[in-house]
Each structure stands twice: as structure tokens, then as C-alpha cells.
Amino acid sequence: MQLLKTGLVAATGLGLAAALAVAGPVQAAETTIKICHIGSTDDEDHKGALVFENFVESQTNGAVEVEIYPAGQLCGNFRQCLESVQLGTCEITGTTVGGIANIFPEIQVTDLPYMFPNDRVAEKVMKSPFMDEVRKAVLKKTGTLRLMGLNNTGGWRDFFTTDKTIRSPADLKGVKMRTIESPLQVEMVRLMDGNPTPIPWQELYTSLATGVVVGTKNGITDIVNMKFHEFLHRVTLDHHAYMFLFWWMNDDFIKGLKPELKRVVAAGFHHMTSMASDDPKYTALAAYAAFKEKGGEVYVPTAEEKAQFVASVAPLKKWYTDKFGDKWLKLLEASIAQAEKEIEEEDRRLLE
């Protein structure tokens, strides 16, 4: 194993361990699956990978061994990680929208600000026919990258700054704000008169320490896990974007597995993404406490202020459709509408 099992995995895998004990002696591994990612070992994506490891190894009685290489051990950024999967250096990696946008820029539609009203809607969209279309499109374009699942990574994107509270778009004027490497995110900050600065994740700590940027658009767990709250002391909870993590697998590799192993891998991704999506909702509690202990201040915009943020980036939809057409935007809007309809019906049944 690349990594020892942690207490977390020991706790979540009790049932799997019992199943393994019943199955009999562990056999020698016939297949190895390598997961490479850039997140820290405290990150929910890494925790999800550990759940995947435990599930797949136990359910195959050791015939499949999973090795996890976190924190950029095998690839230093999203692009390198995707290339590693395409080349077969590792079999699985996870990227944000910015990571895959260089290959499939249309996917930036999921990063249009203020599209998702809440977690429940976003979680339904993650498993909707919309994402099936994304899977088909990326696989057709690359021939190698198969979308296997999604989870939330770090909660919602909010505005974090070193010393200036962002109460309205006007407060962003001239602010050097780090963005992911996505043209849409750059344009969003530009529409608010900010100074967008794309910086790779691994370089952000130093960039904050040296003043290259004085703000970033991230979730609270990412901020605290990476110790960015040593520099960032203000956050505005405008929730402008839901942070998707897309898990990609080498298509030739999974096609080469026996049918029974394919099913185990698919189930492993289900357990992996379910755990990773739920984790930030809990860990955010401690993260906000740690943020405040360092002197951090949390600001929630009023309804009027939130409306100003939404209005300021309204041109982004046209910016997107001018570049990529309206196909993906229409598909996403329909998926969101369907999710809201399903949630309304679920709540009705619960409360009737």
C-alpha cells in the first residue's frame, strides 16, 4: 500500500472488514489501480479516495490493490494529473472545472455563478442526464478520459480576502483575486472590476504570503486545510459557485477489467463520492471555528447586496453562449429545473 489505513478508514470500513473476513484469505493482487491527486491528506477528496481503496480491495478480496498518491506526488497540477491518466501512469484523478476546462471548455457552464440555489439541487445534478452528456462528450473528444463520478470539494466558493470585507461588487474594484485557471472565472472577477489572477493551487500559499494576490475564491475547508487563513481574515458568504470535483478514469483500463471488477469499481466510486460530498458539511463547522480563532470575520450579504452580486455577473451567460453556443446552458438549466421539481415533490411527501 502507498498509504497506511487511517482511523477514518478503519471506522468507515468496519462492515467491509467483516465481509473480507468471511470471504477467506486475501489473495495476491492481480490488478493495481493508482489514484493521483493534488489535494492534501486532510482534503475530502483524499478521504473519498481512501473509502474507494478500502471498498475495492475488500470487495475483491485483495485481487485489486489501490495505491493513492496525494498532494501532487505523481503530478503537480490538474493538467499533469489528467495527462498521467491519459498516458496510463495513473488510472484515476480528480479535477475541478478549471482542471478539465483546457480540454473541454464547455464544462465551464457548471461554474456560471449563482446557478445552483443549494446543495440538494447540485447533488441531484451531479447524477443527472446532464452529466451523462458530459461523460459522452469528454470521452468522444479525448478517447481516454471517462467521467466516473462527482462530489463537492470544499463546500461553496466564497470571497476570502486578507483585510477587506467584500459587501458588494464595488468592494472588489482593483482587488487582486486569485481564480482557478478558467476563462469564465477570470471574466467573472473582471465583471466585478476586480483584478483576476489565475494561480495553481500549490502556489497559492506563497502567493498570499508575498502579496501576489490578496484574495481567493474558495470554500472554508480548503482555506483552513491549506493554512491559508494565516493570511486571509475576511470571508463573504455569497456562495457564487458550487465546487464540483470530477473524477476521471482511463477508459482503456476500465474496459480491460473483468465484468465483476467493473461493477465493484463503479460501486467504489459511489461510496467515494457520497462520502466526499457529505464531509465538507461537517468539517466546515471546525473550519469556521479555526478561521475565527485566527481573527477571521464572516460576513453574510443581505438580500439586496446578494442581488447586486447576481446582477453584476449576468453578462456571463452571454459570454458563455457567444463562445460555446447555448446547448450546454439549456441542458444545465433543464437539469436544475428538474432537480428543483423533484425536491419540491420529496418535501411534499415528507410533510403531507
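Figures for the structure shown
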read-out	value
Index of the failed condition, Thr89 passing every other in (1) among the β-branched types (Val, Ile, Thr); (2) under 22 Å from Lys341 (Cα atoms); (3) surrounded by fewer than 18 Cβ atoms within 10 Å (Cβ to Cβ)	(2)
Single condition Val85 does not satisfy, out of (1) among the β-branched types (Val, Ile, Thr); (2) farther than 23 Å from Leu331 by Cα; (3) assigned to a helix (DSSP H, G or I); (4) out of contact with any strand residue (DSSP E or B) (no Cβ under 6 Å at 6 or more places or on another chain)	(4)
Counted residues, the stretch 125-144 - those being under 17 Å from Glu333 (Cβ atoms) and either surrounded by 17 or more Cβ atoms within 10 Å (Cβ to Cβ) or acidic (Asp, Glu) (or both)	8
Unmet requirement for Gly149, which otherwise passes all of (1) in contact with an Asp or Glu (Cβ under 9 Å, 6 or more places away or on another chain); (2) farther than 15 Å from His240 by Cα; (3) crowded, with 22+ Cβ neighbours inside 10 Å	(1)
Which numbered condition Val310 fails, given (1) more than 25 Å from the chain's Cα centre (by Cα); (2) surrounded by 13 or more Cβ atoms within 10 Å (Cβ to Cβ); (3) among the aliphatic types (A, V, I, L, M)	(1)
Single residue of Glu65, Glu57 found to be buried (at least 17 other Cβ atoms within 10 Å of the Cβ), charged (D, E, K, R), in a helix (DSSP H, G or I) and at pLDDT 95 or above	Glu57
Hits in the stretch 208-227 (condition: touching a strand residue (DSSP E or B) at 6+ places or on another chain (Cβ under 7 Å) and either under 20 Å from Thr96 (Cα atoms) or among the aromatic types (Phe, Trp, Tyr) (or both))	Gly215, Thr216, Lys217, Asn218, Gly219, Ile220, Thr221, Asp222, Ile223
Failed criterion for Ala284 (all others in (1) touching a residue at least 24 places away in the same chain (Cβ under 8 Å); (2) crowded, with 19+ Cβ neighbours inside 10 Å hold)	(2)
Filter result (of a type in the set (A, V, I, L, M, F, W, C), in a helix (DSSP H, G or I) and over 21 Å from Glu181 (Cβ atoms)) within the stretch 88-136	Val121, Ala122, Val125, Met126, Phe130, Met131
Test: residue in the stretch 301-321 that is touching a Leu at 6+ places or on another chain (Cβ under 8 Å) and of a type in the set (A, V, I, L, M)	yes
Residue list for the stretch 289-304, filter: within 20 Å of Tyr242 (Cα to Cα) and surrounded by fewer than 18 Cβ atoms within 10 Å (Cβ to Cβ)	Val298, Tyr299, Val300, Thr302, Ala303
Helices (runs of 4 or more DSSP H) within the stretch 185-262 that include 1 or more residues at pLDDT 95 or above and farther than 28 Å from Phe116 by Cβ	204-210, 251-255
Failed item, numbered, when Pro198 is tested on (1) crowded, with 16+ Cβ neighbours inside 10 Å; (2) in contact with a strand residue (DSSP E or B) (Cβ under 8 Å, 6 or more places away or on another chain); (3) under 30 Å from Lys140 (Cα atoms); (4) of a type outside the set (A, V, I, L, M)	(1)
Residue check, Lys258 among the basic types (Lys, Arg) and either on the phi > 0 side of the Ramachandran plot or in contact (Cβ under 8 Å) with a residue 12 or more places away in the chain (or both)	no
Long-range neighbours under 6 Å by Cβ, at least six apart or interchain, first residue free of Cβ contacts under 8 Å to residues at least 12 places away in the same chain and under 17 Å from Leu316 (Cα atoms) within the stretch 187-199, second in a strand (DSSP E or B) and not polar (S, T, N, Q)	Arg190/Pro196
Count - residues of the stretch 137-157 that are in a strand (DSSP E or B) and either more than 26 Å from Tyr282 (Cα to Cα) or under 11 Å from the mean Cα position of the chain (by Cα) (or both)	12
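The values are calculated or read from the model by the stated rules, or taken from the named source; none is laboratory data. Just so you know, these numbers come straight off a predicted model, no measurement behind them. All Cβ positions, glycine included, derive from the backbone under ideal geometry; neighbour counts span all protein chains shown.
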